[in-house]
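Okay, so here's the structure we're looking at.
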Amino acid sequence: MFSIFGKKKDGPAEKKPIWKETLDVVVSAAVMALLARSFLVQAFTIPSGSMEDTLLIGDFLFVNKFLYGAKIPFTEVRLPGLRDPAPGDIIVFRPPNERQDYIKRCIAIEGQSVEVRDGVVYRDGVAVEEDFTKFMGGAHPPRWISPRNFGPVTVPEGHLFLMGDNRDNSKDSRFADVGFKDWKQTGQGKAVFIYWSWNTERKFPRFDRVGDLIH
């Protein structure tokens, strides 16, 4: 059948060149990956020992970005999330004007008081049970000595108090130049599980850590 313009209207579709089909697949995959990274999950690598022994240098993990509501790229707009951060969550955040992500544990949220006495955390005056913390020692010498006594302070509205699990070797909210974190501005998401782990000293995978949920 021909149209009034004399061109064929029906019939088999014209086959795209291989290079064009390949380009379409690559572009589609790139767009899907970008959307997933921006709004769903993001890969993250542990660069320091501040979260030992919960997270080790060379752990590769996924961060849930939609739980707290992902930020729309290049804007300050955050989409609605399933819930706000809570004490105990391990959170990836990026301070303003920095290109590097950081990861710490949420110790307290807005309105809660925090005090550290001889290394023990007190939230709202009650000692917090923390069987995951580490004090001094380990394969990596401390870059700084974190205070074992701090506060009490009250977390401002919309902010979080964050600490590393390696309590003597973590630059976190106990330091004045770090302080409280406005999670709606800096929060990237909640760490959920380890998908790969590489022992940087032995140059060998840590297979026993792969698939571990992060608490």
Test for Phe135: is it aromatic (Phe, Trp, Tyr), surrounded by fewer than 19 Cβ atoms within 10 Å (Cβ to Cβ) and under 14 Å from the mean Cα position of the chain (by Cα):
no
For segment 71-106, name all the residues that are out of contact with any Lys or Arg (no Cβ under 7 Å at 6 or more places or on another chain), hydrophobic (A, V, I, L, M, F, W, C) and closer than 19 Å to Ile214 by Cβ.
Leu82, Ala86, Val92, Ile103, Cys106
Taking segment 147-200 and keeping residues in a strand (DSSP E or B), buried (at least 20 other Cβ atoms within 10 Å of the Cβ) and not aliphatic (A, V, I, L, M) leaves His159, Phe161, Asn166, Lys181, Gly187, Gln188, Gly189, Lys190, Ser197
Members of segment 68-108 that are of a type outside the set (Lys, Arg), crowded, with 20+ Cβ neighbours inside 10 Å and either modelled with pLDDT of 90 or more or part of a loop (DSSP other than H, G, I, E, B) (or both)
Tyr68, Ala70, Pro85, Asp89, Ile90, Ile91, Val92, Ile103, Cys106, Ile107, Ala108
Residue list for segment 201-215, restricted to those being closer than 16 Å to Val63 by Cβ and not in a loop (DSSP other than H, G, I, E, B)
Leu213
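Being more than 20 Å from His215 (Cα to Cα) and in a loop (DSSP other than H, G, I, E, B), is that true of even one residue in segment 53-65?
The answer is no, given that none of the residues of segment 53-65 is more than 20 Å from His215 (Cα to Cα) and in a loop (DSSP other than H, G, I, E, B).
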Single residue of segment 201-211 satisfying the filter (touching a Ser or Thr at 6+ places or on another chain (Cβ under 7 Å) and of a type in the set (Lys, Arg)) that is surrounded by the fewest Cβ atoms within 10 Å (Cβ to Cβ):
Arg206
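Filter segment 94-132 for residues that are under 19 Å from the mean Cα position of the chain (by Cα) and among the hydroxyl-bearing types (Ser, Thr, Tyr) and give the result. Working first, answer last.
Our first condition is that a residue be under 19 Å from the mean Cα position of the chain (by Cα); within segment 94-132, this holds for 94-109, 132.
Result: Tyr102, single match.
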How many residues does segment 85-109 contain that are aromatic (Phe, Trp, Tyr) and in contact with a helix residue (DSSP H, G or I) (Cβ under 7 Å, 6 or more places away or on another chain)?
1
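The values are calculated or read from the model by the stated rules, or taken from the named source; none is laboratory data. The shown structure was predicted, so the numbers you read here are calculated from the model rather than taken from an experiment. Positions of Cβ are generated from backbone atoms using ideal geometry, with glycine treated the same way; all protein chains shown enter the neighbour counts.
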